[in-house]
Amino acid sequence: MARKRHKPEEIIAKLRQVEVLTGQGKSIAEAVKTIAVTETTYFRWRAEFGGMKTDQVKRMKALELENARLRRAVSDLTLDKLILSEAARGKLLSPARRRACIDKVRTELKVSERRACAVLRQHRSTQRKTPRGRTDEAALTAAITALAATYGRYGYRRITALLHQAGWSVNAKRVQRIWRREGLKVPQKQPKRGRLWLNDGSCVRLRAERPNHVWSYDFVEDRTQDGRKFRMLCVIDEFTREALAIRVKRRLNSTDVLETLADLMILRGPPAYVRSDNGPEFIATTLREWIAAVGSQTAYIEPGSPWENGYCESFNSKLRDELLNGETFFSLAEAQVLIEAWRRHFNAVRPHSALKYRPPAPEALIPRAGNIVPWASAPALEGARSPNPTMASGPPMN
């Protein structure tokens with residue numbers, strides 16, 4: 001038979017009963033027998049509750065319960081603090097990071113999964129769910145890495161556009177996640193320059209409104225392996241961003257500029273304006289008279305203000321960044337071939353951010369991205385093709 005556990009109120013009542021009986025002349029042994037406990041239990045009760053009343057016992061028990069609750073609260077807070085300090089530094093924004101952090105906390109502090117999930121705010125079902133990943137993750141990662149290795153100056157947005165050409169149905173956010181995970185990076189661009197504005201807020205800069213409205217041209221210089229300098233005359237259409245021509249020679253003068261413009265105007269017709277800086281090749285009297293004679297107008301920028309010719313300056317920077325800085329030209333003929341190949345790639349394949357990541361002048365029939373041979377020597381886009389033909393996001397761009 002299990003022992004009966006007496007409540008504090010019952011103990012106080014029994015002690016008072018013994019006091020009354022001993023006051024009547026009975027011995028302690030006889031009085032203790034009447035409350036049905038041993039003398040040892042009686043003396044233990046009297047040492048603990050002797051001289052106390054029932055309300056005092058209730059207050060003492062309440063204080064003990066409150067102290068126990070506070071001790072548990074302090075212990076819980078201390079444990080929570082240990083869990084948070086043991087967690088990974090920084091914000092745990094993704095379930096995967098929280099999952100790894102909770103596993104680490106459980107290993108280090110020997111706490112339960114329930115407690116760690118509650119402190120780090122991870123649902124237990126999310127913690128227990130094993131991430132399956134996507135079946136095409138490895139193939140997509142390899143395709144992104146191959147494109148990044150071939151086009152080292154392209155960011156993840158242009159890589160996304162090239163993946164769409166290769167048949168992948170993937171958005172830029174997923175490409176960005178893989179891009180960051182693989183440690184791919186493009187150096188930061190230079191800060192943009194401001195434009196010239198009048199006091200009333202109107203822009204004094206001529207803007208292209210249609211194709212063949214404003215052409216821009218400028219010179220770019222580089223050297224071959226033997227140290228000899230050569231020049232490039234770059235002509236672009238500001239509205240379509242198309243590179244109309246890149247003429248490469250050791251020396252270029254106003255006559256070469258005139259011949260290049262003449263060849264382009266025979267094929268495309270004369271533009272309304274031709275924009276350039278104030279270089280001696282562009283302000284030559286013969287060239288200005290010839291441009292006026294064919295029905296075009298010159299639009300010279302202010303001296304020392306290259307940002308007024310921003311489209312051409314931007315094109316020149318891309319030419320230097322994506323080709324000239326990474327190539328060694330052993331002869332002028334090699335430079336002419338590679339630069340012309342890059343110009344065709346720029347017009348027909350390279351995604352342009354200002355054109356919603358479409359090339360400036362795609363050809364009528366562009367080969368699949370897996371068969372495109374870039375201006376570099378190695379065709380690295382073969383590995384970028386989608387392994388699943390049903391993943392194509394649409395027909396090739398026309």
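When restricted to residues that are in a strand (DSSP E or B) and either touching a Pro at 6+ places or on another chain (Cβ under 7 Å) or open to solvent by less than 20 Å² (accessible area, probe 1.4 Å) (or both), region 247-263 contains 1. Just checking, does region 107-116 include any residue being in a helix (DSSP H, G or I), surrounded by fewer than 14 Cβ atoms within 10 Å (Cβ to Cβ), of a type in the set (S, T, Y) and modelled with pLDDT of 80 or more? For region 107-116, residues in a helix (DSSP H, G or I), surrounded by fewer than 14 Cβ atoms within 10 Å (Cβ to Cβ), of a type in the set (S, T, Y) and modelled with pLDDT of 80 or more: present. Would you confirm whether any residue within region 161-175 is at pLDDT below 85, of a type outside the set (A, V, I, L, M, F, W, C) and either surrounded by 15 or more Cβ atoms within 10 Å (Cβ to Cβ) or touching a strand residue (DSSP E or B) at 6+ places or on another chain (Cβ under 7 Å) (or both)? No, the conditions are met nowhere in region 161-175. Determine whether region 286-298 contains at least one residue that is under 41 Å from the mean Cα position of the chain (by Cα) and aromatic (F, W, Y). No: zero hits. The condition of being closer than 20 Å to K249 by Cα, open to solvent by 50 Å² or more (accessible area, probe 1.4 Å) and either at pLDDT below 90 or assigned to a helix (DSSP H, G or I) (or both) holds for only one of E334, E289, that being E334. Here K173 clears all of (1) within 15 Å of Y357 (Cβ to Cβ); (2) part of a loop (DSSP other than H, G, I, E, B); (3) not hydrophobic (A, V, I, L, M, F, W, C) except the condition numbered (2). Looking at G304, G295, G269, just one residue is open to solvent by less than 30 Å² (accessible area, probe 1.4 Å) and of a type in the set (G, A, S), and that residue is G269.
Could you list all residues from region 7-34 that are under 16 Å from A47 (Cβ atoms) and in contact (Cβ under 8 Å) with a residue 12 or more places away in the chain? Once the filter is applied, which keeps residues that are under 16 Å from A47 (Cβ atoms) and in contact (Cβ under 8 Å) with a residue 12 or more places away in the chain, region 7-34 yields P8, I11, I12, K14, L15, V18, I28, V32. Please specify each residue of region 125-153 satisfying the condition of being touching a residue at least 60 places away in the same chain (Cβ under 8 Å) and closer than 21 Å to L323 by Cβ. Within region 125-153, A146, L147, A149, T150, Y151, G152, R153 meet the criteria. In region 241-263, the residue that is farthest from the chain's Cα centre (by Cα) out of those that are over 27 Å from R223 (Cβ atoms) and charged (D, E, K, R) is E242. Checked against (1) modelled with pLDDT under 80; (2) of a type in the set (K, R); (3) closer than 30 Å to Y156 by Cα, R121 meets all criteria but (3).
If you check E340 against the conditions, is it open to solvent by less than 60 Å² (accessible area, probe 1.4 Å), at pLDDT below 90, within 23 Å of L261 (Cβ to Cβ) and of a type in the set (D, E, K, R)? Here the answer is no, as E340 does not meet what is asked. Checking I266, I283 one by one, the residue that is more than 30 Å from Y154 (Cα to Cα), among the aliphatic types (A, V, I, L, M), part of a helix (DSSP H, G or I) and more than 32 Å from the chain's Cα centre (by Cα) is I266 and no other.
The values are calculated or read from the model by the stated rules, or taken from the named source; none is laboratory data. All figures in this text were calculated on a predicted structure; none of them were measured in a lab. Cβ atoms come from the backbone with ideal geometry, glycine included; neighbour counts cover every protein chain shown. In case anyone asks, the SASA skips ligands and DNA or RNA and just uses the protein heavy atoms, side chains included. Shrake-Rupley method; radii C 1.70, N 1.55, O 1.52, S 1.80 Å.
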